[in-house]
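Asker: The structure is given below, and queries will be raised subsequently.
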Amino acid sequence: MVDNNVNRVPGITRLENDSWEDIRTGVKSLCNNFPGEYWRKLDSDRTYPEEFVKALTESGYLACLIPEEYGGSGLPIQAACVILEEIQRSGGNGAACHAQMYIMGALLRYGSEDQKNKYLPKIASGKLRLQAFGVTEPDAGTDTLSIRTKAEKSKNGYIINGQKVWTSRAEYSDLMLLLARTSNNKNTKRTEGLSLFIIDMQKAKDNGLTIKPIKTMINHATTEIFFDDLEISAESLIGDEGKGFKYILDGMNAERILIASECIGDSKFFLDKMTEYASTREVFGRPIGQNQGIQFPISRAYAETEAAALMVERAAKLFDKNMPCGTEANIAKLLSSESSWKAAEAAIQTFGGYGFAEDYDIERKYREARLYQIAPVSTNLILAYIGQNVLGLKRSY
Ligand SMILES: Cc1cc2nc3c(=O)[nH]c(=O)nc-3n(C[C@H](O)[C@H](O)[C@H](O)COP(=O)(O)OP(=O)(O)OC[C@H]3O[C@@H](n4cnc5c(N)ncnc54)[C@H](O)[C@@H]3O)c2cc1C
């Protein structure tokens, strides 16, 4: 049977102290209450980790980025990285609630005082969940600027019509941030026809908002959303009309850094598990990890994870100093999602047939780790960003 308390592979000694050791220990201990069996059952039933999200909220970890004046703990993104890394490393899946950490930033930076006072304290306490982020559409995935969901001005606010796809956690969220088109004017710059709204989903559900779950290869609670003359108040608009794209771009660095940390956590999960297994599984009278064919992919995955982790750390530090970090955040996401996938590959090979058995959690984490080369931004688009914005090469799309 599976032992979930495997030894942890060591991290490279950092030049600075890990100032987040308390948080790391606290999250690790919280996650001990949600072992592999818990996540396995959810995965097999395709259900939402209510108890885990409740525990993470009650402990205050989920509100770590919300400023103290609104009931959070006002910690830097480096602390949030540690929280998500530890959740993934424990074998859990922070994707059930990670969006709350990064989409809250748009409300915090661009929301009115009224909006912040109305929502942030309730998000921090867990009274309201802000888990849903509606950007992608069936005909507008990577090309966000071509979204067609419309928000037309009405007497009291806006009327929304259109469709979103892959809106994750919509069934389990009270609020949604929605990116919608408010102008089709040919003279408006492409980046300026979109606006950002905060929607009360509970109110909207019987009044023009329909949610349909999408079955996927992982337990991700993702959905399609249909808007059919949904009326929302003028107070739902965040910031200025037409600036929505700029607002979400601003939040993307946080999203990339946090998801990169989850990938590092996934890599470490695989490294912990496969190192232990390679040391104890004996074939031909010796541990399989003694064979270079098994040992070297593990060593490579370790080296690549440590290199990617340094990039995540660098991006997070720049972010916390309010310095430009688009390049670092993109590279961190690229390298960490690739290193977690390589670690997943090495793990399934190391476990042999047992890698396919649900009880070992390798096959579940293998499926889950694959997502991050596609969402929230695909590897190709990061490479295009580096080519164009860092190296000055011609735009490829
Ligand atoms: C499980 C899951 C959860 C998600 N959750 C959310 C969510 O909560 N909210 C949300 O808004 N979205 C969400 N997404 C959507 C996700 O962000 C998109 O899937 C992603 O942005 C890619 O869009 P697409 O799937 O339409 O791919 P497409 O845009 O159709 O692209 C398909 C492939 O072509 C490549 N490609 C496209 N154009 C180019 C180019 N010019 N150069 C090189 N390669 C190119 C892409 O890299 C990709 O590999 C989720 C997706 C998944 C699978």
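Just so it is clear, none of the values below were taken in a lab; they were calculated from the coordinates. If you're wondering where the values come from, they're calculated on a predicted model, not measured in any experiment. Quick reminder, even Gly has a Cβ in these numbers, built from the backbone with ideal geometry, and neighbours come from all protein chains shown.
Asker: Net charge within 10 Å of TYR172 by Cβ-Cβ distance, Lys/Arg positive one each and Asp/Glu negative one each, not counting TYR172 itself? Before the final figure, lay out each step's value.
Answerer: Working: positive: ARG129, ARG169; negative: GLU50, GLU171, ASP174.
Residues close to TYR172 contribute a combined charge of -1.
Asker: Further question: So how far apart, in nm, are the two label points at ASP228 and LYS54 if each is 7 Å from Cα heading toward Cβ?
Answerer: Label at ASP228, label at LYS54, 3.4 nm between them.
Asker: May I ask which residue of PRO213, ILE248, SER261 lies farthest towards the positive end of the charge dipole of the chain, with charges of +1 (Lys, Arg) and -1 (Asp, Glu) on Cβ and the Cα centre as origin?
Answerer: ILE248
Asker: What dipole magnitude, in Debye to the nearest 20, does the chain give about its Cα centre under +1 on Lys/Arg Cβ and -1 on Asp/Glu Cβ? Don't jump to the answer; show the numbers that get you there.
Answerer: Details: 48 positive and 52 negative charges, 199 e Å.
Dipole of the chain, to the nearest 20 debye: 960 debye.
Asker: With 10 angstrom as the radius, rank THR223, THR305, THR327 by how many other C-beta atoms surround their C-beta, starting from the fewest.
Answerer: Fewest-to-most ranking of THR223, THR305, THR327: THR327, THR223, THR305.
Asker: Once both axes come from the Cα atoms, what is the angle between helix 326-351 and the longest principal axis of the chain, in degrees from 0 to 90, rounded to 10?
Answerer: Result, in degrees: 40.
Asker: For the ranges 355-362, 80-87, what's the packing order if you count other beta-carbon atoms within 10 Å of each residue, average per peptide, and put the highest first?
Answerer: Details: 355-362: 17.1, 80-87: 26.6.
Order by mean packing, descending: 80-87, 355-362.
Asker: Here's something else I'd like to know. Run the reach check for LYS186 against lysines, Cα to Cα strictly under 21 Å, same-chain hits fewer than 8 apart removed. What comes back?
Answerer: LYS150, LYS153, LYS243, LYS246
Asker: Run through the DSSP bridge list for the chain and note the antiparallel percent, rounded to the nearest 5.
Answerer: Details: 29 of 35 bridges.
Roughly 85 percent of the DSSP beta bridges within the chain come out antiparallel.
Asker: Could you tally the net charge around LEU62, taking each other residue with its Cβ under 11 Å from the Cβ of LEU62, Lys/Arg +1 and Asp/Glu -1?
Answerer: Local net charge: +1.
Asker: Viscosity 0.692 mPa s, temperature 37 °C: Stokes-Einstein D of the chain from its Kirkwood Cα radius, in µm² per second? Present the calculation step by step, with values, prior to reporting the outcome.
Answerer: Working: Rh = 21.9 Å.
Result for D is 150 µm²/s.
Asker: I would also like to ask the following. Can you list residues whose amide H is under 5 Å from THR223's amide H, if they're 5+ apart or on another chain and H is modeled 1.01 Å from N?
Answerer: Excluding prolines and chain starts, which carry no amide H, the hits are TRP166, THR167, SER168, ARG169, ALA170, ILE214.
Asker: Relative to the Cα centre, what is the charge dipole magnitude of the stretch 246-390, using +1 at the beta carbon of each Lys and Arg, -1 at the beta carbon of each Asp and Glu, and rounding to the nearest 20 debye? Don't jump to the answer; show the numbers that get you there.
Answerer: Values: 16 positive and 19 negative charges, 60 e Å.
So the magnitude is around 280 debye.
Asker: Moving to a separate point now. With a 10 Å radius around each residue's Cβ, average the other Cβ atoms per peptide and rank 266-278, 26-38, highest first. Before the final figure, lay out each step's value.
Answerer: Working: 266-278: 25.8, 26-38: 16.5.
The packing order, highest mean first, is 266-278, 26-38.
Asker: Looking only at the stretch 60-210, where both bridge partners belong to it, what percent of the DSSP beta bridges are antiparallel (to the nearest 5)?
Answerer: Values: 12 of 17 bridges.
Just about 70 percent of them are antiparallel.
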